[in-house]
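**Student:** If you scroll down you'll find the structure; I have some questions about it.
The values are calculated or read from the model by the stated rules, or taken from the named source; none is laboratory data. Just so we're clear, the structure is a prediction, and the values are computed from it rather than from any experiment. Virtual Cβ from ideal backbone geometry, glycine too; neighbours counted across all protein chains shown.
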Amino acid sequence: MDHPPLVSIIINNYNYARFLAQAIESALQQTYSQVEVIVVDDGSFDHSRQIIQAYGGRIVPVLKENGGQASALNAGFAVSHGEIVIFLDADDLLLPSMVQDVVDGFLSRPEIIRMQYRMAVINEYGHRTGAEKPVRHIPIPVGDVHKRALIFPFDMPWLPTSGNAFSAQALRLIMPVPEDRYGSAGADWYLVHLTSLLGPVFFLDSLEVFYRVHSTNYYEQESNSLNLDHIRQTILYCQATGDYLQKYAKQFGLVDRPAENLSVSYIANRLVSLRLEPEHHPIPTDTCWGLLKMGASAAFRRFDVSIKLKILFLGWFILMAVAPKSIGVSIAKLFFFPQQRGRLNRLLSKYHLQLKPYEPMLRTYEDQE
């Protein structure tokens, strides 16, 4: 890596004119100077392109027809020159020293291929809500995480698009993002999980990004209502990402046979979808009994959680599988929305029902193989 390395900030935008200038300014006003700012407009029909045009030569514009998030990231990456790549959603903001902190992290740890960092949640008007991503009590896996990515990929805490910085060299091994399986959103599923196969990851425990949650977010709304369309979309993203994980794991010589996907969250999404709207469930072969057995197996195969939390997972799967449909939404919300658990959260804290540290548990698992 060059000293100092060029960093590409690729802003992907679709009809976010009301936020776009703030995102561009946050990229241009970095304290680190070796930055190229690429702005991809994915066929917006608001006044986004007038905003882009006003910046002239200060940015690299990529104007294209609408093709979805994956196509926008692919188009931006294709014209980038940086050794470090940051994909920034047009409704998010970078803190001024963010790129400098990322560069320092990559230079001090040249082996890493992806870096994550803290994000403060803001609302539509730019005011902090008090929430952060990731939540403070959940440890973020670091180092070599490829075994986790192959066994329970969707249970690893991970951050959305703007919360990651990537080695461009690593991205070249897996780009472009397949546009046929990741539609208007979901490209970050592919990027985060696939790069987990390529080398060590690192978590920078400092606030670097403002992550905006508002009424027109595709995948995350301000309200905590259960959106079954999004749950079904999550199932499809899990299927697609699982397929590509196995493909590249074989290609890179990491496995000689497909691993069974035992992600608790993946199976939970399938069970919720099947119980609440069976007529729209995307996997016709699923049954409640089959998913209950899979959920129990997944919970007890997790090597990163306490036995108490495994039992709690099992209890949730039983409730979701057998409870009357009339209370199914409430049970589902206990899984998807931690902030709605009330006294249960205090109980979890009291009895320390949280994730165990990753590395010792991984060594224990590897010793059993």
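**Student:** Are any of the residues in segment 123-134 farther than 14 Å from Phe203 by Cα, surrounded by fewer than 23 Cβ atoms within 10 Å (Cβ to Cβ) and of a type in the set (Phe, Trp, Tyr)?
**Tutor:** Yes.
**Student:** Where residues in segment 190-225 are at pLDDT 90 or above and small (Gly, Ala, Ser), which of them is surrounded by the most Cβ atoms within 10 Å (Cβ to Cβ)?
**Tutor:** The qualifying residue surrounded by the most Cβ atoms within 10 Å (Cβ to Cβ) is Ser196.
**Student:** In addition: Just need a number here: residues in segment 31-72 that are in a helix (DSSP H, G or I), among the hydrophobic types (A, V, I, L, M, F, W, C) and in contact with a strand residue (DSSP E or B) (Cβ under 6 Å, 6 or more places away or on another chain).
**Tutor:** Total satisfying the criteria: 2.
**Student:** What pairs come up if the first residue lies in segment 304-331 and is assigned by TED's automatic domain parsing to the domain that holds Arg270 and closer than 23 Å to Pro153 by Cβ, the second is among the β-branched types (Val, Ile, Thr) and assigned to a helix (DSSP H, G or I), and their beta carbons are under 7 Å apart, counting only those six or more places apart or on different chains?
**Tutor:** Filtered contacts from segment 304-331: Phe313/Val264; Met320/Val272; Met320/Ile331.
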